[in-house]
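The structure appears below as structure tokens.
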Amino acid sequence: FIAVENIDRYCVLISSKAVYFLKSGDCPDREAIFLEVKYDDLYHCLVSKDHGNVYIQLTKKAVNTSSGVAMPGPSQQKPMV
């Protein structure tokens, strides 16, 4: 555990191994996690602003489906929170 940041109706929990995005609530549990990004899977992180909102775009490493090996390059998996 490193930090927790409450943003509107979401909560971002940063640990030494991953970043977790949770729905806010009185007593968050494992079911509250709607996005988990492990640092080993993270290729790039970009912060952008649009119409007064701030977004974090996380680009996950592409996985070669035939070998299951993570490729060092951008993929189609770009969740934006």
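The values are calculated or read from the model by the stated rules, or taken from the named source; none is laboratory data. Bear in mind that the values here come from a model prediction, so they are computed numbers and not experimental data. Don't worry about glycine lacking a Cβ; one is built from the backbone with ideal geometry, like all the others, and counts go over all protein chains shown. Ligands, DNA and RNA are stripped out before the accessible areas are found, and what is left, the full protein with its side chains, is counted by its heavy atoms. Shrake-Rupley method; radii C 1.70, N 1.55, O 1.52, S 1.80 Å.
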Next on the checklist: Students often get this wrong, so check it: of K38/K61; K17/K60; K38/K60; K23/K61, which have C-alpha atoms separated by over 19 Å?
Outcome noted: K23/K61
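With a/c under 1.5 counting as rounded, go ahead and sort the range 3-61 into rounded, prolate or oblate using the C-alpha gyration tensor (a ≥ b ≥ c being the square roots of the eigenvalues; past the cut-off, prolate if a/b is larger than b/c, else oblate).
It is oblate, given that a/c is not under 1.5 and a/b is not larger than b/c.
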Next on the checklist: Let me spell out the model: positive unit charges on the Cβ of Lys and Arg, negative unit charges on the Cβ of Asp and Glu, origin at the Cα centre of the range 3-61. What dipole size does that give, in debye rounded to 20?
Outcome noted: 200
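Within the accessible area of the range 3-61, what % is carbon and sulfur when the probe is 1.4 Å and the other protein chains stay in place? Write out the running numbers ahead of the final one.
Working: 2200 of 4350 Å².
Ligands and nucleic acids excluded, carbon and sulfur reach 51 percent.
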Item to check | Dipole axis of the range 3-61 (+1 Lys, Arg; -1 Asp, Glu on Cβ), positive-most option in C45, V12, I33 | outcome: C45
Checklist entry - From the phi of every residue in the range 35-48, what ³J(HN,Hα) in whole Hz does the Karplus formula 6.51 cos²θ - 1.76 cosθ + 1.60 yield, where θ is phi - 60° and glycine or proline is x? => result 8, 10, 10, 7, 4, 5, 8, 8, 9, 7, 10, 9, 9, 9
